[in-house]
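Below: the structure, in structure tokens.
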Amino acid sequence: MDTTLRPRRDFAALEARRLEAAKLFAQGHPQAEIVRRLKVSRPAAHRWYRAWRRRGRQGLKGAGRAGRKPRLAPLARQRLEAALLEGPTRWGFATHLWTLERVTAVIGKLCRVRYHPRHVWRVLRSLGWSRQRPARRARERDEQAIAHWVRVSWPETKKKPAS
């Protein structure tokens with residue numbers, strides 16, 4: 001699955017192009033010329049022409065945002081981010097590590113909105129949070145002993161090229 005973000009569409013530029021088509025339609029230019037000038041497909045020019053004939057320039061205005069409206073309102077997103085900054089232990093979790101399941105639970109408690117844990121990463125990304133993994137190092141780790149092993153024992157242990 002591709003997890004990269006696609007570039008956002010420039011809705012203002014798209015609307016400007018449709019309104020330019022409306023101006024050309026009003027001047028009597030054929031759809032074929034709209035296709036050439038604005039570099040759009042023939043079906044798009046035809047759809048725009050029909051909308052322009054029915055409702056004028058208003059028919060070519062943008063419809064607003066694309067896609068489903070977000071479940072979390074801007075205020076709820078701010079509250080969620082403040083809760084996340086407080087840390088997981090503040091919300092009753094045993095460790096200082098946020099997981100998608102934990103964030104899902106906090107969203108449910110705080111905002112009364114249900115998300116599947118696999119979709120919570122989109123909310124986190126929109127808040128500017130990134131995936132991070134803790135350094136997995138034992139508390140008992142002895143850096144001096146490791147350095148000595150790498151310097152002394154490892155060269156004796158590793159294979160030597162055949163001469």
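Answer with yes or no whether Ser153 is more than 30 Å from Ala21 (Cα to Cα), among the hydroxyl-bearing types (Ser, Thr, Tyr) and assigned to a helix (DSSP H, G or I). Yes: the conditions hold for Ser153. Of Arg125, Arg114, Arg118, Arg102, all but one fail to be in contact (Cβ under 8 Å) with a residue 60 or more places away in the chain and either surrounded by 10 or more Cβ atoms within 10 Å (Cβ to Cβ) or touching a helix residue (DSSP H, G or I) at 6+ places or on another chain (Cβ under 8 Å) (or both); the exception is Arg125.
Give the residue, chosen from Ala16, Ala51, that is free of Cβ contacts under 8 Å to residues at least 60 places away in the same chain, in a helix (DSSP H, G or I) and surrounded by 13 or more Cβ atoms within 10 Å (Cβ to Cβ). Walk me through it before giving the result.
On the way: Ala16 fails: surrounded by 13 or more Cβ atoms within 10 Å (Cβ to Cβ).
Answer to the selection: Ala51.
Please pick out the residue among Leu80, Leu72 that is surrounded by 11 or more Cβ atoms within 10 Å (Cβ to Cβ), of a type outside the set (Lys, Arg) and part of a helix (DSSP H, G or I).
Values: Leu72 fails: part of a helix (DSSP H, G or I).
Going through Leu80, Leu72 in turn, just one is surrounded by 11 or more Cβ atoms within 10 Å (Cβ to Cβ), of a type outside the set (Lys, Arg) and part of a helix (DSSP H, G or I): Leu80.
Considering only residues in the range 116-150 that are of a type in the set (Asp, Glu) and not in a helix (DSSP H, G or I), the one that is modelled with the lowest pLDDT turns out to be Glu140. Remark: Thr104 falls outside the filter, which requires a residue to be over 23 Å from the mean Cα position of the chain (by Cα), farther than 30 Å from Phe11 by Cα and among the hydroxyl-bearing types (Ser, Thr, Tyr). Does any residue of the range 42-64 turn out to be closer than 30 Å to Trp121 by Cα and either touching a Cys at 6+ places or on another chain (Cβ under 6 Å) or aromatic (Phe, Trp, Tyr) (or both)? No: the range 42-64 contains no residue that is closer than 30 Å to Trp121 by Cα and either touching a Cys at 6+ places or on another chain (Cβ under 6 Å) or aromatic (Phe, Trp, Tyr) (or both). Note on the range 103-153: residues that are under 16 Å from Ala83 (Cβ atoms) and either touching a Gly at 6+ places or on another chain (Cβ under 9 Å) or of a type in the set (Gly, Ala, Ser) (or both) total 5. Each residue in the range 86-102 was checked for being part of a helix (DSSP H, G or I) and not polar (S, T, N, Q), and 7 of them qualify. Among the residues making up the range 92-107, those that are more than 17 Å from Leu75 (Cβ to Cβ) and modelled with pLDDT of 90 or more are Gly92, Phe93, Ala94, Trp98, Thr99, Leu100, Glu101, Arg102, Val103, Thr104, Ala105.
The values are calculated or read from the model by the stated rules, or taken from the named source; none is laboratory data. The structure displayed is predicted, hence computed values, not measured ones. Cβ atoms come from the backbone with ideal geometry, glycine included; neighbour counts cover every protein chain shown.
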